[in-house]
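**Student:** Pasting in a structure now, in structure tokens, and then I'll have a few things to ask.
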Amino acid sequence: MLIFAYGNPSRGDDALGPALLDEIQQIAAHTRLAFELEFLSDFQLQIEHATDLHRHDRVLLIDACAETTMEQAWRFSVLSPDTSTAYTTHAMSPQQLLGVYQQVYGKSAPPVFMLALRGQLFNLGEPLSEQAQIDLQQASRFCWQLLQQPDLQVWLDLAAK
């Protein structure tokens, strides 16, 4: 499984994805999951990341979300491809990444899930906000429980809630 977090660690709550990835890596290093997980982090999604999805049975994307209507610290969903070509290298959505995968490989990507973390402050040079630090702990607990569930149907059911 690939766990791919993206976000800018120098932009306040945009650092949530990489921060959660760091926590997961530290915990997983001492478990059997260390041999089942691959970790990747970047500032933003790029077209080239479609190749990173290729060798995996499942992918978990993690990113901060500026959507202020989120009622809880995180939102978990399954993604579908967007095959439109209306993207730039500075604004690629996860769905467009799956569309690129489909165009490059001629088949659907492995199941890709999104863990969107509630963020509020994205100012350059700022650390994680106090609320983001609290939310990070809640998301970390959820993510760890999720990773201990190997059954794809469990993930799909959780994403449907």
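The values are calculated or read from the model by the stated rules, or taken from the named source; none is laboratory data. Since this is a predicted model, take the numbers as computed values, not measurements. Please note: Cβ atoms are built from the backbone with ideal geometry, for glycine as well, and neighbour counts cover all protein chains shown.
**Student:** Tell me yes or no: at least one residue of segment 96-112 is touching a Phe, Trp or Tyr at 6+ places or on another chain (Cβ under 6 Å) and closer than 22 Å to LEU147 by Cβ.
**Tutor:** yes
**Student:** Output the residue which, of all residues in segment 5-42 that are assigned to a helix (DSSP H, G or I) and among the charged types (D, E, K, R), is nearest to ALA139 (Cα to Cα).
**Tutor:** GLU23
**Student:** Which one of these is closer than 18 Å to GLN72 by Cβ and under 17 Å from the mean Cα position of the chain (by Cα): GLN148, GLN131, GLN120, GLN138?
**Tutor:** GLN138
**Student:** Being over 11 Å from LEU40 (Cα atoms) and small (Gly, Ala, Ser) is the filter here; which residues of segment 11-27 pass it?
**Tutor:** Once the filter is applied, which keeps residues that are over 11 Å from LEU40 (Cα atoms) and small (Gly, Ala, Ser), segment 11-27 yields GLY12, ALA15, ALA19.
**Student:** Taking segment 1-43, which residues are more than 22 Å from ALA73 (Cβ to Cβ), within 14 Å of the chain's Cα centre (by Cα) and of a type in the set (Phe, Trp, Tyr)?
**Tutor:** PHE43
**Student:** Tell me the helices (runs of 4 or more DSSP H) entirely within segment 64-161 that contain at least 2 residues that are of a type in the set (Ser, Thr, Tyr).
**Tutor:** Where helices (runs of 4 or more DSSP H) fall fully within segment 64-161 and carry at least 2 residues being of a type in the set (Ser, Thr, Tyr), they are 94-105.
Let's see how each residue does on (1) touching a residue at least 40 places away in the same chain (Cβ under 8 Å); (2) closer than 17 Å to GLN149 by Cα; (3) in contact with a Leu (Cβ under 8 Å, 6 or more places away or on another chain):
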{"site": "LEU16", "(1), (2), (3)": "yes, no, yes"}
{"site": "GLN26", "(1), (2), (3)": "no, no, no"}
{"site": "THR31", "(1), (2), (3)": "no, yes, no"}
{"site": "GLN44", "(1), (2), (3)": "yes, no, no"}
{"site": "LEU60", "(1), (2), (3)": "yes, yes, yes"}
{"site": "GLU67", "(1), (2), (3)": "yes, no, no"}
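**Student:** Here's a follow-up. Looking for whichever is aliphatic (A, V, I, L, M) and under 24 Å from PHE39 (Cβ atoms) here; the options are LEU53, LEU124. Which one fits?
**Tutor:** None of the other options fit; the residue is LEU53.
**Student:** Within segment 67-83, track down each residue that is small (Gly, Ala, Ser) and surrounded by 14 or more Cβ atoms within 10 Å (Cβ to Cβ).
**Tutor:** Scanning segment 67-83 gives ALA73, SER77.
**Student:** Conditions first: (1) farther than 17 Å from MET92 by Cβ; (2) surrounded by fewer than 17 Cβ atoms within 10 Å (Cβ to Cβ); (3) not aromatic (Phe, Trp, Tyr). GLU48 passes all but one, so which condition is the exception?
**Tutor:** Only one criterion in (1) farther than 17 Å from MET92 by Cβ; (2) surrounded by fewer than 17 Cβ atoms within 10 Å (Cβ to Cβ); (3) not aromatic (Phe, Trp, Tyr) is unmet by GLU48, namely (1).
**Student:** Within segment 114-133, restricting attention to residues that are touching a residue at least 24 places away in the same chain (Cβ under 8 Å) and loosely packed, with under 13 Cβ neighbours inside 10 Å, which residue is farthest from SER93 (Cα to Cα)?
**Tutor:** Only one residue fits best here, namely GLY125.
**Student:** So, of the residues in segment 65-78 that are at pLDDT below 95 and hydrophobic (A, V, I, L, M, F, W, C), which turns out to be farthest from ALA5 (Cα to Cα)?
**Tutor:** Top of the filtered list is MET70.
**Student:** A follow-up question, please. For THR31, indicate whether it is closer than 26 Å to GLY99 by Cβ, of a type in the set (Val, Ile, Thr) and surrounded by fewer than 20 Cβ atoms within 10 Å (Cβ to Cβ).
**Tutor:** So THR31 fails the test.
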